Amino acid sequence: MGVMAFFTQLPPLYVYYYQLWYMLSKTLAEDAAWKFAKDNGIDLVTINPGVVIGPILQPTLNFTVELILNIVTGRELPPLNRFVDVRDVAYAHIQAFEIPSAAGRYCIVESTIDVSKLWKILHQLFPEFHLDEKFEDKPIKKLYQVSKEKIKSLGVNFIPLEVSLKDTVESLKEKGFISF
């Protein structure tokens, strides 16, 4: 329910970009859920994914898969760098429900990587794309790692980023968002 975002240069609760409203709303919703759970004696488990990618089922784009489409089509991107496959997120939710000892807040991220490295992986996977070189060699100054220890206690074995990216792009092709 929450969101993992690190914009250390921004003052708290100030939203500079439209896209940050989503992140703020997720954080405030999780805070409210934890308060409600505490006030009412309810056990609560939250699963907090990074940027969720992977195959899409719906015929429309969601925000996070659109980020990959934006890389492929050469549009600018916000400095997002924590990625996880939708199938891992779904599995984590099921496990959190089924495992009685599951408790608290779980962050779920397979890879922490900057856009320039993501660009290189996509270029290696799909050399037929003429990916925009503006993403090349523009690393993010600070990459924050996310521990996998707690989420692995739910039995999550991560799908590698390369597989998630390949499946995302192939899904975008299948749904008609890109062609190659």
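The values are calculated or read from the model by the stated rules, or taken from the named source; none is laboratory data. Just so it is clear, the structure is predicted and the values come from calculations on it, not from any experiment. All Cβ positions, glycine included, derive from the backbone under ideal geometry; neighbour counts span all protein chains shown.
Of the listed requirements (1) assigned to a loop (DSSP other than H, G, I, E, B); (2) at pLDDT 85 or above; (3) surrounded by 14 or more Cβ atoms within 10 Å (Cβ to Cβ), Met4 misses just one: (2).
Filtered by the rule that a residue be polar (S, T, N, Q) and without any contact (Cβ under 8 Å) to a residue 24 or more places away in the chain, the stretch 105-120 gives a lone residue, Ser116. Among the criteria (1) at pLDDT below 85; (2) farther than 22 Å from Gln145 by Cα, the one Lys38 does not fulfil is (1).
Of all positions in the stretch 38-53, none carries a residue that is part of a helix (DSSP H, G or I), among the hydrophobic types (A, V, I, L, M, F, W, C), touching a residue at least 40 places away in the same chain (Cβ under 8 Å) and in contact with a helix residue (DSSP H, G or I) (Cβ under 9 Å, 6 or more places away or on another chain).
Okay, residues lined up against (1) more than 21 Å from Leu122 (Cα to Cα); (2) modelled with pLDDT under 80; (3) of a type in the set (S, T, N, Q):
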site: Tyr18; (1), (2), (3): yes, yes, no
site: Ala29; (1), (2), (3): yes, no, no
site: Val51; (1), (2), (3): no, no, no
site: Ile56; (1), (2), (3): no, no, no
site: Glu66; (1), (2), (3): no, no, no
site: Pro78; (1), (2), (3): no, yes, no
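Within the stretch 92-117, restricting attention to residues that are β-branched (Val, Ile, Thr) and within 21 Å of Ile53 (Cα to Cα), the residue that is modelled with the lowest pLDDT is Val115.
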